[in-house]
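The values are calculated or read from the model by the stated rules, or taken from the named source; none is laboratory data. Keep in mind it's a predicted model, so treat the numbers as computed, not measured. Don't worry about glycine lacking a Cβ; one is built from the backbone with ideal geometry, like all the others, and counts go over all protein chains shown. Accessible surface is based on the protein model in full, side chains and every heavy atom, while ligands, DNA and RNA are left aside. Shrake-Rupley method; radii C 1.70, N 1.55, O 1.52, S 1.80 Å.
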Amino acid sequence: MENEAKIAVEMLKHGKGKVLDVGTGSARMAAALSKYGYNVVSIEYDIDILKKAEENLKKEGNIDNIVLIHGDAHELPFLDETFDVVVTYNAMHHMKDYKRVLDEMVRVCRKDGYILVTELNEKGKEFVDRKHHERGENHEAKLNINDITEYLEEKFALTGEIKHSKYTDIFLCKKI
Ligand SMILES: C[S@@+](CC[C@H](N)C(=O)[O-])C[C@H]1O[C@@H](n2cnc3c(N)ncnc32)[C@H](O)[C@@H]1O
């Protein structure tokens, strides 16, 4: 899956500026963005997961340009148009209200900045469900990348490109 984060980041085609990563999780996306040269702010709701992400990033020596924040993606604690790029990697299906999170992501992204959203495709869902099952956990992802793109187009007239990767579908658009 690390490779999938890298493919998503490479769609951005540049590595300058301030990026918000929504739903830090194990921080694969934060790490990929940081290696690409971005200054990253990464937000996560679960404090234990956030601490683990910090430990992992420190072990890899990869924390200098990443700020980890405890907070809720439904109410991002940032002013409007704070970030050059706003990203979320396979996290939207974990959100209580993905539309509200998308509203927030659009709000904090500057005009002409970029929004990048990845979601698990069918193969990715099977893979992640199986991994969780092996650990005695449950995982269910009902959302598809089309749910995301349709909402962004209907509400904000945002359109962009979709890349189909092995386990994920990746959507990139420019905020107008
Ligand atoms: C599968 S992980 C995402 C993977 C991660 N982006 C990565 O790069 O490794 C989903 C994460 O979203 C977090 N999450 C769920 N609801 C959230 C919310 N309202 N605000 C912020 N993070 C949330 C979960 O706690 C979980 O750690």
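Only protein heavy atoms count here; under a 1.4 Å probe, Asp147 has an accessible surface of about 50 Å².
The accessible surface of the chain, taken with every protein chain in place and a 1.4 Å probe, is 47 percent carbon and sulfur. Rolling a 1.4 Å probe over the heavy atoms of the protein chains gives the chain an accessible area of 53 Å² per residue.
With both partners inside the chain, how many of the DSSP beta bridges are antiparallel, as a percent to the nearest 5? Just about 40 percent of them are antiparallel. The alpha carbons of segment 22-176 give a radius of gyration and a Dmax of 15.2, 44 Å, in that order.
Candidates Gly113, His93, Thr149 compared by Cα position along the dipole of the chain: farthest toward the positive end lies Gly113, with charges placed on Cβ.
Accessible-area rank, largest first, for Arg130, Arg107: Arg130, Arg107, with all protein chains present and a 1.4 angstrom probe. Computed over protein heavy atoms with a 1.4 angstrom probe, the accessible surface ordering of Lys16, Lys96, Lys125, Lys111, largest first, is Lys96, Lys16, Lys111, Lys125.
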